[in-house]
Amino acid sequence: MPVNLDRQMLHQVLSNIIRNAIQAVTAHRERGHVEVGVITEHEAFSVTVDDDGPGVPASMRDSVFDPYVTTKAEGTGLGLAIVKKIVVEHGGTIDAGSGPLGGARFKIRIPRLRSPASQAVREVPPALSRSGVRSI
């Protein structure tokens, strides 16, 4: 996946979303499924995380990335807000919806290297850019 990103930040994004998916599934039953996939699009790569848990209610799909919004009794509501911030800082987008397994689908789009969106992220003045963003 030739993209401009910080590997540690991508790891944090995927770890958070996969951990949320596992928690959602196991909160409702002993076993379930979580699938991660990558799809090549014209100017981006889409990483999808699907589960067969209860899903994200349609009424929460827009607000689930807002700080302090959570469906967990013990949650802080900061995890997905941080995930979205990281994805957006890398020129990407993230959406929550329903997936083919019957539960939630989180779709992360990261611009391909040399795409207009990727170039826009690279052209941020050094004082404003995050250190460690690089091509992999």
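The values are calculated or read from the model by the stated rules, or taken from the named source; none is laboratory data. Predicted model only: the values in this text are computed from it and were never measured. Glycine also receives a Cβ, built like all others from the backbone with ideal geometry; neighbour counts cover every protein chain displayed. Heads up: the accessible areas ignore ligands, DNA and RNA and are worked out on the full protein's heavy atoms, side chains in. Shrake-Rupley method; radii C 1.70, N 1.55, O 1.52, S 1.80 Å.
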**Prompt:** For region 15-29, does any single residue satisfy the condition of being open to solvent by 40 Å² or more (accessible area, probe 1.4 Å), touching a His at 6+ places or on another chain (Cβ under 7 Å) and in a loop (DSSP other than H, G, I, E, B)?
**Reply:** no
**Message:** Within region 96-120, take every residue that is closer than 29 Å to HIS28 by Cα and in contact with a Lys or Arg (Cβ under 7 Å, 6 or more places away or on another chain) and give me the one that is most open to solvent (accessible area, probe 1.4 Å).
**Reply:** SER98
**Message:** Take residues that are modelled with pLDDT of 95 or more and of a type in the set (Ser, Thr, Tyr) and tell me which of the strands (runs of 3 or more DSSP E) falling wholly in region 30-136 contain 1 or more.
**Reply:** 44-51, 93-98
**Message:** Against the definition (out of contact with any helix residue (DSSP H, G or I) (no Cβ under 7 Å at 6 or more places or on another chain), under 28 Å from ALA117 (Cα atoms), outside any strand (DSSP E or B) and of a type outside the set (A, V, I, L, M, F, W, C)), how does HIS11 come out, yes or no?
**Reply:** yes
**Message:** If the requirement is being closer than 29 Å to MET1 by Cα, in contact with an Asp or Glu (Cβ under 6 Å, 6 or more places away or on another chain) and not polar (S, T, N, Q), which of these qualifies: GLY99, GLY55?
**Reply:** GLY99
